[in-house]
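Participant: I'd like to ask some things about the structure below.
The values are calculated or read from the model by the stated rules, or taken from the named source; none is laboratory data. Because the structure is a prediction, the values reported are computed rather than measured. As a convention, Cβ positions derive from the backbone with ideal geometry for all residues, glycine included, and neighbour counts pool all protein chains shown.
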Amino acid sequence: MKLRKFVNWIIGAPSFVWLVVFYAIPMLLVFLIAFKPVDPFGGIGKGFTMKTWFDLGNPSYPSIIWRTLWQGVVSTAVCVALSVPISYQLSRMNSKLKNVFLLLIIVPFWTNFLIRIYAWKMFLHPDGAFKHLLVFIGLAQESTTLLYNQWAVLVVMIYTYLPFAVLPIYTAAEKFDFSLLDAAKDLGASSFYAFRRVFLPSISKGIGTAIMVVLIPALGAYLIPDLVGGPTSELIGDKIAQRVFVDRNLPHASALSALLMFVVFLPLVLTSWIKKIQQKKQKSE
Amino acid sequence: MKVIRHSRIPFIVTLLTLVFLYTPLVLVAIASFNASKYGGSWAGFSMKWYIKLFHEPDIWNALVKTLVIAVISTAISTVLGTLSALALHRSTSKLKAIYYALVHTPLVVPDILQGISLLLLFVTIFSVCSPLLAPLGIKMELGLTTIIIAHITFCMSYVTMVVLERLHEFDNSLIEAAQDLGASGLYTFFRVTLPLILPGIIAGALFAFMLSFDDFVITFFVKGAGDTTLPVYIQSAIRHGKNTAVLNALSVVFLILTFIIVFSGQKLLTMKTEEHK
């Protein structure tokens with residue numbers, strides 16, 4: 001048994017050390033460097049300061065944080081709301097048709113992220129077919145710009161994250177025994193009532209995963225607002241990138257990243273806390 | 001018997017979503033065959049943007065760089081990820097929970113945070129080490145090495161998770177049986193465990209390759225001035241709105257390749273599960 005333990009240490013050590021050095025320490029550095037001053041060459045100065053944290057009081061930040069939060073929550077809600085009926089539909093199809101539909105949903109998921117954003121930029125282009133159509137049916141004027149605003153950012157976020165939400169919910173729905181729904185209806189439940197009280201609770205785990213895998217990247221989104229958003233639709237991610245690439249103020253970028261980390265981990269901690277309470281409840285029942 | 005009617009709403013939502021998913025992509029595909037450089041009007045069918053795409057040296061250079069990075073990071077992250085999956089699977093130690101958190105949390109941290117944290121690490125290391133290395137004529141700067149380190153870091157966790165899942169799936173009694181029959185630890189590993197988890201390792205490696213090949217955000221933070229990978233090239237082309245006609249053609253090539261890979265992957269997976277049954 002001693003040998004087994006020793007072998008295990010040897011196999012586990014390289015990746016453990018790698019993750020500590022290139023993942024855990026860098027994450028801690030984010031907090032540390034936020035307390036450092038900036039030096040005139042765009043590097044990190046000596047000593048410690050609280051100045052960067054006071055700079056976060058910049059009046060433009062609260063609205064950016066608020067926008068990041070509501071865009072994250074809305075895009076997550078829309079993605080989940082669409083994924084539930086899609087997963088229901090997919091898991092009820094016969095296996096041939098199901099594979100075709102599943103493939104159609106997975107392909108955009110694997111298609112390069114930039115290409116998908118690019119397709120939308122072309123789609124919403126002032127000279128694109130969609131704009132011409134909107135003008136033709138009278139929903140838009142020649143002067144309306146579809147791009148570079150927060151609605152464009154929101155739509156593209158939903159577009160790119162939707163497959164992330166479908167997959168976990170579908171995996172949960174596929175394990176569901178659909179005869180339970182028929183049984184509920186035989187006992188007099190309406191379709192919607194059966195759906196809400198029988199189907200939804202049994203896929204709740206998939207919904208939980210879907211919320212996490214959409215909400216977290218949405219809160220950290222940077223490419224989408226950068227490419228299809230404008231100055232009025234910036235998110236925290238844009239600000240971090242600007243501090244790094246435009247004015248090379250790494251401590252400021254660190255402080256913003258620490259803030260983002262806080263925003264991201266808050267829902268994570270909350271969900272695991274809720275889960276624990278639910279488990280306790282189930283146990284006591 | 002009561003006839004149970006199914007609601008049409010889920011089907012309609014599914015169809016509309018597919019329309020939503022594919023309309024922009026289909027329009028880009030159509031535009032890629034448009035002889036006109038500008039998307040506004042149709043000037044006849046043409047393949048000239050595809051021909052131009054294949055004669056664009058910048059794209060070829062970027063592709064080679066991206067492939068080099070992806071191959072190296074896939075190889076190293078597959079080995080490291082598989083080892084950590086084996087260690088996690090076998091371990092009974094108290095460290096296991098910490099180890100698991102180290103492997104698991106990178107999967108949910110937004111890529112921008114991974115990018116900036118690694119940049120901060122490299123900047124800190126450089127500022128400490130360069131005064132020491134300068135007399136030796138060694139210069140440390142951001143470049144291919146830092147990109148590869150970053151890619152290994154974010155690919156590794158995916159490989160570990162995929163292999164770990166495979167390890168949980170199969171029957172441990174097979175390994176115990178081999179050992180009961182007198183097989184040594186190494187022999188059991190190479191003749192029993194490895195063949196059983198190989199599909200997981202291959203799937204993990206493919207996953208790692210795709211992630212590395214597609215990554216823009218993390219690369220952008222840790223790259224040096226001249227390191228234009230394909231995603232970096234595409235981002236700058238989108239941003240500056242240059243060469244969009246060629247970009248249309250490139251998008252179609254990406255789409256077709258993705259379709260082929262996903263389709264064959266799905267075929268492979270269904271074949272595997274049918275074999276099991």
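Participant: Residue check: is A:Leu259 of a type in the set (A, V, I, L, M, F, W, C) and closer than 18 Å to B:Ile218 by Cα?
Facilitator: Here the answer is no, as A:Leu259 does not meet what is asked.
Participant: I'd like the full set of residues that are surrounded by 18 or more Cβ atoms within 10 Å (Cβ to Cβ) and either under 12 Å from A:Phe199 (Cβ atoms) or in contact with a strand residue (DSSP E or B) (Cβ under 9 Å, 6 or more places away or on another chain) (or both), limited to the range A:169-184. Walk me through it before giving the result.
Facilitator: Step one: list which residues in the range A:169-184 are surrounded by 18 or more Cβ atoms within 10 Å (Cβ to Cβ), which gives A:169-170, A:172-173, A:176, A:181, A:184.
Within the range A:169-184, A:Ile169, A:Ala172, A:Ala173, A:Phe176, A:Leu181, A:Ala184 meet the criteria.
Participant: In a helix (DSSP H, G or I) and either charged (D, E, K, R) or more than 23 Å from B:Gln266 (Cβ to Cβ) (or both), is that true of B:Phe207? First the steps, then the outcome.
Facilitator: Details: in a helix (DSSP H, G or I): yes; either charged (D, E, K, R) or more than 23 Å from B:Gln266 (Cβ to Cβ) (or both): no.
Judged against the criteria, B:Phe207 is not a match.
Participant: Could you tell me whether the range A:58-74 includes any residue that is closer than 25 Å to B:Gln235 by Cβ and facing chain B (nearest Cβ under 9 Å)?
Facilitator: Scanning the range A:58-74 turns up no residue that is closer than 25 Å to B:Gln235 by Cβ and facing chain B (nearest Cβ under 9 Å).
Participant: Looking at the range A:55-69, I want the residues that are among the aromatic types (Phe, Trp, Tyr) and have a partner that is surrounded by 15 or more Cβ atoms within 10 Å (Cβ to Cβ) and at pLDDT 80 or above with Cβ atoms under 9 Å, at least 6 apart or on another chain. Which pairs are those?
Facilitator: From the range A:55-69, the pairs are A:Tyr61/A:Ile236; A:Tyr61/A:Lys239; A:Tyr61/A:Leu256; A:Tyr61/A:Leu259.
Participant: Got a number for residues in the range B:218-233 being farther than 21 Å from B:Ile76 by Cα, surrounded by 21 or more Cβ atoms within 10 Å (Cβ to Cβ) and touching a Phe, Trp or Tyr at 6+ places or on another chain (Cβ under 7 Å)?
Facilitator: Total meeting the criteria: 1.
Participant: Going through the range A:224-259 one residue at a time, which ones are surrounded by fewer than 24 Cβ atoms within 10 Å (Cβ to Cβ), within 10 Å of chain B (Cβ to nearest Cβ) and more than 17 Å from A:Ile44 (Cα to Cα)?
Facilitator: The answer is A:Asp226, A:Leu227, A:Asp238.
Participant: Mind listing whichever residues of the range A:225-254 are out of contact with any Phe, Trp or Tyr (no Cβ under 9 Å at 6 or more places or on another chain), under 22 Å from A:Tyr118 (Cβ atoms) and not charged (D, E, K, R)?
Facilitator: If the condition is that a residue be out of contact with any Phe, Trp or Tyr (no Cβ under 9 Å at 6 or more places or on another chain), under 22 Å from A:Tyr118 (Cβ atoms) and not charged (D, E, K, R), then A:Pro225, A:Gln242 are the ones that fit.
Participant: Step by step: first the residues of the range B:156-215, then only those that are within 20 Å of the chain's Cα centre (by Cα) and among the acidic types (Asp, Glu), then the one that is surrounded by the fewest Cβ atoms within 10 Å (Cβ to Cβ). Which residue is that?
Facilitator: Restricting to residues being within 20 Å of the chain's Cα centre (by Cα) and among the acidic types (Asp, Glu), the top hit is B:Glu165.
Participant: Only one of these is assigned to a loop (DSSP other than H, G, I, E, B) and modelled with pLDDT of 85 or more: A:Asp177, A:Asp226. Name it. Step through it out loud before you land on a result.
Facilitator: Values: A:Asp226 fails: assigned to a loop (DSSP other than H, G, I, E, B).
It is A:Asp177.
Participant: Looking at the range B:46-54, is at least one residue within 24 Å of the chain's Cα centre (by Cα), among the polar types (S, T, N, Q) and surrounded by 13 or more Cβ atoms within 10 Å (Cβ to Cβ)?
Facilitator: Checking the range B:46-54: not a single residue is within 24 Å of the chain's Cα centre (by Cα), among the polar types (S, T, N, Q) and surrounded by 13 or more Cβ atoms within 10 Å (Cβ to Cβ).
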